[in-house]
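The values are calculated or read from the model by the stated rules, or taken from the named source; none is laboratory data. Computed from a prediction, not measured in an experiment: that's the story for all the values here. We place every Cβ from the backbone using ideal geometry, glycine too, and count neighbours over all the protein chains shown. The accessibility values were calculated without ligands, DNA or RNA, using every heavy atom of the protein model including side chains. Shrake-Rupley method; radii C 1.70, N 1.55, O 1.52, S 1.80 Å.
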Amino acid sequence: MNRSKLTPYLFLAGPLCMYSVWVIFPIIQTFIVSFMKWDGMTKMKFVGLENFKRLITDNYFGLSLMNNIKWMIGFVVLSIPIGLALAMLMDQKFAGHKIYKSLVYLPMALSFVVIGQIWSWVLEPTGGVVNTFFRSIGLEQFAKPWLSDPKIVTYSLIAAALWRQIPYAMVLFLAGLKNVSKELIEAATVDGATAIQRFWYVILPALRPAVIIATTVNIIDSLRAFDIVFVMTRGGPFYSSSVMANYMYVQAFHNYRMGYGASIAVVQFGITLGFIISYLLNVLKKEERE
Amino acid sequence: MRRYFLILLALLMSLTTLAKEKIIVNSYMSDPAPRKAFAELVDIFMQKYPEYEVIINTFAHEDFKTLLRTWLAAPKGTADVVTWFAGERMRYFAQMGLIASIEEVFAGQKWEDYFPASFKSTCSYNDKIYFVPQSWYWWGVYYRKSVFEKLGIKEPKSWDEFLNVCEILKKNGITPIAIGTKFPWTAAGWFDILNLRINGLEYHIKLTAGEVPYNDPKLMKVFEYWKQLIDKGYFLANHAAYEWQEGATFLFRGQAAMYYMGQFIKDVAPAEVKDDLDFFRFPIIDSAVGLYEETPIDGFMIPANAPNKKGAIVFLKFIASKEAQEKFAKDLGRLAANVQVTPPDEHANKGLAMIVASSGVAQFYDRDTNPEMAEVGMNAFIEFMQNPTRITSILNRLEQERKRIYSK
């Protein structure tokens, strides 16, 4: 092998090495542990598919999975259209659009832990901004215990997460809009297309890659939701706002059931992988076409 | 010449600091008051034993509980001493060989020279001592004296009187009972005391040991009494949104009047409220049942993988001493485990008197129960508090869990 062929591999060796130690190896280990009964301290015991069988009958796991699906729907149904609408709006060069853009974009700069903390104060039942607002305008009935009512707590958490997720989608679409050919839009205008027709038949098809990316990223983010749940409710009250990652944490690190926790992680990994693969296939297909 | 001398001096000084043996203490005392008291205690130790340097790593209480296991299970230990709870939660680690026996602390002496004989069993596993108790406290119904006075309320002695007090408070627009159940152990306090008052200590110990089914009709009675308070709306609304300290602020602001809580509620009370806080013994429900109370014991243990076990023993010997115990108890108004230390103040005297007059004591639900059972149990209590009518299905589910967990 001549030198120029070797160079890229030499550059890759370092990162690959780290990637194996910190990503590949733990994944393999998690798979192994998921077939074990292990308290994290004493010897592991092989139990076959026992952990996975138990998952099927575990109500709280079912609940957590359902909550993840709610997160997913909330992320896709809300953050994509709103993000797109905001991007279209911000793309108009109105006065001060840069300031508005930064304001909307601001939550992106915060970590989920900070966002969770802020929103637990906003949604605090007695003195929180939301309930104080409703009470002050005489709409007492809308002042809800956002974080302690098991029926609404998951939606409160999703709302908090969307505060960061929507601007994220907006950024992706803004980048996408840069690639929409101006000539095409002008040509459509000359041909007498209305604004709605221009959006629907010219801009949106051109944004297809951005929509796919934004959707996939949102789905993956919704599946790995953890930080906000952990900070705001710890999955409570009584697991009603639990998500898979959170339930895994409780089982593995609180209940000392490493094997069971690992099996939850494996299921979560499988679902996420499904979405990532379908995304990659989409990208590959597109590259072949071009 | 002078410069060389200075350099030499600096070198020597750094050598002596290097020569100091390190003792690393991982602590969950994260509330400001206990944190300060413990830091001062460690300073006294370092003055007394200049050959040691003690490093305290403080962790938030709830995080500590999950982290401890990773420290204990690590092949190479990092902490020499860790704070922990006596009873089942300590034994859990002792039976796996993850903590070291500390018999050496009492070398040439007896346990009874330091601590009450009645504490020995909760601090031991297989007749060996694993735990040095530092302080203990009682649980009681804490209340605002000023609120009671203003409404002409006297401390209730019986359940009916207690319900009556709640009713008066509620009529006057004050939440009768504060609680914060974001972390569910506060609800476990209610479960414990109701079970102790209704079914007694022996039954309670059997239950926490996993020997009694959770759908036992006797246990149902506990929830029937609890339900009376829930149905009448005596508990703080939206309690699942608050941590225990946040629940306590309602008490401190005078918006709530009572809180069934451990003495450590005084740690977080603002100065102007502290003296307005008093407690009474949880009211009697069945006069045929003895008066049992909850008295958790806090203290220290040594991980089996501690790098400096020798230093850890010296440190724990100091912690067990009258001087150290007196200082800590005095700072926080708790009761020292050391028998030679008298209660630090009137309030602690009252607490001690209540415990001495009891027929027996339990630790606490999540200290007496297997950790996994405690987790599902405590969450079930919150679910019950929010949906009291679901109690039968909740208890049946707990029973399934108990069977699974204890069949291991």
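Structure data summary
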read-out: For the range B:262-328, alpha-carbon Rg and Dmax in angstrom; value: 18.7, 53
read-out: Cα convex hull of the protein assembly as shown, projected area averaged across orientations, nm²; value: 44.7 nm²
read-out: At least 10 Å² accessible surface lost relative to isolated chain, residues of the range B:223-252 (1.4 Å probe); value: B:Asn238, B:Ala240, B:Ala241, B:Tyr242, B:Phe250
read-out: Value of [θ]222 nm, deg cm²/dmol, for the protein assembly as shown, DSSP H segments ≥ 4, -39500 (n - 2.57) each, nearest 500; value: -17500 deg cm²/dmol
read-out: Restricting the range B:231-308 to trypsin sites (Lys or Arg not before Pro) in coil, as DSSP defines it, with at most 15 other Cβ within 10 Å; value: B:Lys232, B:Arg253
read-out: Simple spin-label estimate for A:Phe142 and A:Lys45 in nanometres, 7 Å along Cα-Cβ; value: 5.6 nm
read-out: Whether chain A is rounded, prolate or oblate, judged on the alpha carbon gyration tensor where a/c under 1.5 counts as rounded; value: oblate
read-out: Radius 12 Å from Cβ of A:Gly48, net charge of other residues (Lys, Arg +1; Asp, Glu -1); value: +3
read-out: Projected label distance in nm at B:Asp278 and A:Gln197, using a 7 Å step from Cα toward the beta-carbon; value: 8.5 nm
read-out: Relative contact order (%) - chain A, alpha-carbon pairs under 8 angstrom, separation at least six; value: 29 percent
read-out: The range B:18-126: C-alpha gyration tensor shape, a/c 1.5 cut-off, then a/b vs b/c; value: rounded
read-out: Distribution of pairwise C-alpha distances over the range B:222-336, 10 Å bins, in %; value: 10, 28, 29, 20, 11, 1
read-out: Between helix B:322-332 and chain B: long-axis angle, C-alpha atoms, 0 to 90°, nearest 10; value: 50 degrees
read-out: Lysines with Cα under 17 Å of B:Lys310, excluding same-chain neighbours fewer than 8 positions away; value: B:Lys20, B:Lys22, B:Lys48, B:Lys76
read-out: Helix B:159-171 axis, angle to chain B major axis (alpha carbon atoms, nearest 10°); value: 90 degrees
read-out: Full-extension gain in nm, A:Leu89 to A:Val77, via 0.36 nm per residue minus C-alpha separation; value: 2.4 nm
read-out: Chain B: angle of helix B:217-231 to the longest principal axis, Cα-based, in degrees nearest 10; value: 80 degrees
read-out: Using a Förster distance of 22 Å, the FRET efficiency for A:Gln117-B:Gln245 (Cβ separation, nearest 0.05); value: 0.90
read-out: Whole-percent carbon and sulfur share, accessible surface of the range B:120-236, 1.4 Å; value: 48 percent
read-out: Sequence-distant residues sharing a close amide H with B:Ala362 (under 5 Å, placed H); value: B:Glu293, B:Glu294, B:Thr295
read-out: Dipole of chain B, positive end: most advanced residue of B:Ile102, B:Gln386, B:Gln325 [Cβ charges, Cα centre]; value: B:Ile102
read-out: Solvent-accessible area buried by A and B, counting both chains, probe 1.4 angstrom, square angstrom; value: 2600 Å²
read-out: Linear extension gain, A:Lys182 paired with A:Lys98, 0.36 nm per residue minus alpha-carbon span; value: 28.2 nm
read-out: Charge sum, other residues only, whose C-beta stays under 12 Å from B:Phe264's C-beta, Lys/Arg counted +1 and Asp/Glu -1; value: -1
read-out: Accessible surface of the range A:176-290 [probe 1.4 Å, protein heavy atoms]: carbon and sulfur percent; value: 65 percent
read-out: Gyration tensor verdict on the range A:199-254 (Cα atoms; rounded if a/c is under 1.5, prolate if a/b is larger than b/c, oblate otherwise); value: prolate
read-out: Debye intensity ratio I(q)/I(0), log10, chain B, q values 0.10, 0.12 Å⁻¹ (C-alpha model); value: -0.70, -0.99
read-out: Solvent-accessible heavy-atom area per residue, rounded to whole Å², over chain B at 1.4 Å; value: 41 Å²
read-out: Listed residue pairs exceeding 21 Å between alpha carbons, taken from A:Lys70/A:Lys178; B:Lys327/B:Lys350; A:Lys37/B:Lys403; A:Lys93/A:Lys286; B:Lys128/B:Lys317; A:Lys178/A:Lys286; value: A:Lys70/A:Lys178; A:Lys93/A:Lys286
read-out: Heavy-atom accessible area, 1.4 Å probe, ligands and nucleic acids excluded: residues of the range B:371-399 down by at least 20 Å² from chain alone; value: B:Pro371, B:Glu372, B:Glu375, B:Val376, B:Asn379, B:Glu383, B:Gln386, B:Arg397
read-out: Positions from the range B:95-117 whose accessible area shrinks by 50 Å² or more when the full protein complex is built, not the chain alone, probe 1.4 Å; value: B:Met96
read-out: Whole-angstrom gap from the range A:216-264 to the range A:13-32, using each part's C-alpha centre; value: 22 Å
read-out: FRET efficiency estimate (nearest 0.05) - Cβ-Cβ, B:Lys227 to B:Glu103, R0 35 angstrom; value: 0.15
read-out: Estimated distance in nm for a label pair at A:Thr57 and A:Leu273, the labels positioned 7 Å out from Cα along Cα-to-Cβ; value: 2.7 nm
read-out: Solvent exposure of chain A as accessible area per residue, Å², 1.4 Å probe; value: 56 Å²
read-out: Span from the the range B:232-309 Cα centroid across to the the range B:324-392 one, whole angstrom; value: 8 Å
read-out: Radius 12 Å from Cβ of A:Val33, net charge of other residues (Lys, Arg +1; Asp, Glu -1); value: +2
